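Novice: Got a structure here, written out as structure tokens. Questions coming.
All of the numbers you see were taken from the coordinates with simple rules; none came from a lab. This one's a predicted model, so the numbers in the text were calculated from it and none came from an experiment. Heads up, the Cβs are rebuilt from the backbone with ideal geometry, glycines too, and the neighbour counts pull from every protein chain shown.
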């Protein structure tokens, strides 16, 4: 048997790629395996938005921010949960993470000042100019390639190798791959219908729109090893997936004043609950919903490549009156006309929405449906991404991050998700796991 790797990374999303880069740069021998034929996972399907509190880019833009403010923002959205200490760690580390990605590695990212998105009181999201997570993944893949870190696609880990209670590698395609340390970066369990039904029954009937590789191996392996689990009923939903195009309707269309209505032409809740928190309400009101907005909002959203593509695919229909718009969409015209009138003129929003805007013709309408995008529960980890045991302490040599690890989006449901929660956890924990794995080898 060959000499063991210092770190075997299982999964080639943002967490695994960041962990491999960090471990290599710390002097370790690293390899990545990915069961799918393409890397990226849910990271590639995201907008690539990473919250960074107190970055130099914020200071240059005159934006005052701090880790303490980010903790306050995230806590206000998520409430108390099983990983409050992880929230504090993420807030402390995310600023230097963004600077590491952009300044040290050369990621093509920038501070977004055009919007904040749900959960953030100041502009702190850093993202690719395209607002595509695939661009971030492509950058991380380039950094991995530049370091000659082996990346084996289409190679699934079947189980972990455990010797005397310590993880010592993985079985891949029937062959043992020995490793001193293992990082589970296998994403969540949203594509595993049995695990979703077990832990997230509220959303179990929703269509899954995330990466197909999110099949929950980390949860199953972790339970076999006696790992502690946390926030298992929390998930990220998305309230507005354009149908039948299957692309996410940019939530900018709603944040800038658009509304969501049902078949009767009427709203059914406060849209400023956010794209994740509002998803269960959309699912509860019927199979489909319709997003209604106007030219001003459309022009803002067109700056995002995915929205522009969706528009070119014919997902958006236009009309000059509510009645004609309703006829185009085959929904109730009288209900829509009344909805738009009340939305524009009522002194207080009947659903309690705080941010409103008057919509003016011509009006746009897009048919959407809610979906499950990502689970937010997983293996409990410490501040160095080491997997915690239900008996206390950690499981030797085992690290986890991204969807494999516990998230910071509340204890249950979709309302605790703030924009960027998934990527920020993936990247912070991946980077810390890579560095700590090599530190432990050097100083056992």
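Novice: Between segment 275-322 and segment 158-186, how far is it from one alpha carbon centroid to the other, in angstrom?
Specialist: 45 Å
Novice: Next question, about the same structure. What 222 nm value per residue comes from the helices of the chain, counting each DSSP H run with n ≥ 4 as -39,500 (n - 2.57) and dividing by all residues, nearest 500 deg cm²/dmol?
Specialist: On the way: 15 runs with 149 residues, N = 444.
After summing the helix terms and dividing by residue count, I get -10000 deg cm²/dmol.
Novice: Moving to a separate point now. Just to verify a number: FRET efficiency for residue 163 and residue 103, C-beta to C-beta distance, R0 = 56 Å, to 0.05? List each step's numbers first, then the result.
Specialist: On the way: r = 41 Å, r/R0 = 0.72.
The formula returns an efficiency of 0.85 here.
Novice: Further question: Relative contact order for segment 237-371 using alpha-carbon pairs under 8 Å, separation at least 6, rounded to a whole percent?
Specialist: On the way: 271 pairs, mean separation 53.4, N = 135.
For segment 237-371, the relative contact order is 40 percent.
Novice: Between residue 175 and residue 348, what length in nm is gained on full extension when 0.36 nm per residue of separation is reduced by their alpha carbon distance? Walk me through the numbers before you get to the answer.
Specialist: On the way: separation 173, 0.36 × 173 = 62.28 nm, distance 6.45 nm.
Length gained, residue 175 through residue 348: 55.8 nm.
Novice: Starting with the fewest neighbours, write out 163, 220 ranked by other beta-carbon atoms found within 10 Å of each beta-carbon. Walk me through the numbers on the way to the answer.
Specialist: Working: 163 11, 220 14.
Fewest to most other Cβ atoms nearby, the residues stand as 163, 220.
Novice: Also, quick follow-up: Fewest first, what order do 345, 250 take by the number of other Cβ atoms within 10 Å? If you can, show how the numbers build up before the last one.
Specialist: Details: 345 8, 250 27.
In increasing order of surrounding Cβ atoms, one gets 345, 250.
Novice: Continuing with this model, one more query. Give me 65, 439 sorted ascending by neighbouring Cβ count inside 10 Å, so fewest comes first.
Specialist: 439, 65
Novice: Put a dot 7 Å past each Cα toward the Cβ at residue 60 and residue 37; how far apart are the dots in nm?
Specialist: 4.1 nm
Novice: Right, here's the next one. Along the Cα-to-Cβ line of residue 295, 7 Å from the Cα, sits a label point; which residues in segment 343-366 have backbone N less than 12 Å from it?
Specialist: Correct set: 360-364.
Novice: Quick check for you: which residues of segment 294-319 have the amide N under 14 Å from the point 7 Å beyond the Cα of residue 129 toward its beta carbon?
Specialist: Residues 303-305 fall inside that zone.
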